[in-house]
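Working notes, structure below.
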Amino acid sequence: MDVLLDIWQRMTTPHAALAPLTAWLTVAAAGAIVLFTPAWRLARHAITIVHEGGHGVIAVLSGRRLGGIRLHSDTSGLTVSSGRPSGPGMILTLLAGYPAAALLGLGAAWLLSLGYDVGLLWALLALLALLLVQIRNWFGLWSVAVTGAVVFGVSWFGSPLVQGVFALLVTAFLLFGALRTSLELQRSRSRRAGSSSDADQLARLTHVPGIFWVAVFLGVQLLCLALSARLLAFDQI
């Protein structure tokens, strides 16, 4: 009981905002991770976790039956759900993947704007735990478990400064990383005809060109980035 009370106190105790210079350096570090290809190849696994989790959440909410999630070492993933092969449920499920990281980043920015750095980290842990029970391959289990261990370690052992920097780093990485995945998607589509990407599957279901759906993904991601910057007051610094 004491441990639960301690966790609750950590989650609900607001932290002071980071110093502007520290905050900007943290955001710059997140941008560097996304732009520096060797770092991105490793960090992209976190975006894949959120991407497939987004498919899974919307599949369940739209009435489809979630069969499981697989995460692969090449940073690809697969979410299996059963139900009608067309219709609103399938369309919404396909739509959910690419915007998921940006939407999670927006939610994270909202929590950070209220000072709940540790609350954000524990919310991420809860989401990872829910995802873990749906993983259906060993690499996926390892990937989610390691991610959860890192988040737990910072949330439990880190100083308030470390927790604040890490929470902002994760938030900015989600927002920037989401944008890069959509740009990579379009580059991949332009090189390979007959793609089975989310955008191309949406195109086949809706008879609307795939480039339109890529634009939708990017539009949602840019909006989340702009709203997050406002929440965190970066547009006023």
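The values are calculated or read from the model by the stated rules, or taken from the named source; none is laboratory data. Small disclaimer: the values here were computed from a predicted structure and weren't measured. Cβ placement follows ideal geometry from the backbone for every residue including glycine, while neighbour counts extend to all protein chains displayed. Heavy atoms of the whole protein, side chains included, go into the accessibility calculation; ligands, DNA and RNA do not. Shrake-Rupley method; radii C 1.70, N 1.55, O 1.52, S 1.80 Å.
Leu5: open to solvent by 30 Å² or more (accessible area, probe 1.4 Å), assigned to a helix (DSSP H, G or I) and on the phi < 0 side of the Ramachandran plot, yes or no? Judged against the criteria, Leu5 is a match.
In region 51-60, the condition of being crowded, with 20+ Cβ neighbours inside 10 Å, under 21 Å from Phe166 (Cα atoms) and at pLDDT 95 or above is met by at least one residue. Entry remark, region 41-50: residues being buried (at least 18 other Cβ atoms within 10 Å of the Cβ) and either of a type in the set (A, V, I, L, M) or out of contact with any strand residue (DSSP E or B) (no Cβ under 8 Å at 6 or more places or on another chain) (or both) number 5 in total. Of all residue pairs spaced 6 or more apart or on separate chains, those with beta-carbon atoms under 9 Å, a first member in region 76-90 that is closer than 28 Å to Ser143 by Cα and open to solvent by 50 Å² or more (accessible area, probe 1.4 Å) and a second member that is small (Gly, Ala, Ser) and assigned to a strand (DSSP E or B) are Leu78/Gly68; Val80/Gly67; Val80/Gly68; Ser82/Gly67. Tallying residues that are farther than 23 Å from Thr93 by Cβ and either among the β-branched types (Val, Ile, Thr) or open to solvent by less than 70 Å² (accessible area, probe 1.4 Å) (or both) within region 215-230 yields 4.
Restricting attention to region 102-118, the residues being farther than 19 Å from Ala233 by Cβ and modelled with pLDDT under 95 number 1.
Restricting Phe212, Phe173, Phe157 to residues that are at pLDDT 95 or above and open to solvent by 40 Å² or more (accessible area, probe 1.4 Å) narrows the list to Phe212.
For region 115-137, which residues satisfy the criterion of being open to solvent by 60 Å² or more (accessible area, probe 1.4 Å), in a helix (DSSP H, G or I) and closer than 17 Å to Val170 by Cα? Across region 115-137, the qualifying residue is only Leu127. Screening the candidates Thr79, Thr22, Thr75 for the property of being assigned to a helix (DSSP H, G or I) and among the polar types (S, T, N, Q) yields one hit, Thr22.
Scanning region 97-114 finds no residues that are out of contact with any helix residue (DSSP H, G or I) (no Cβ under 7 Å at 6 or more places or on another chain), in a helix (DSSP H, G or I) and open to solvent by 50 Å² or more (accessible area, probe 1.4 Å).
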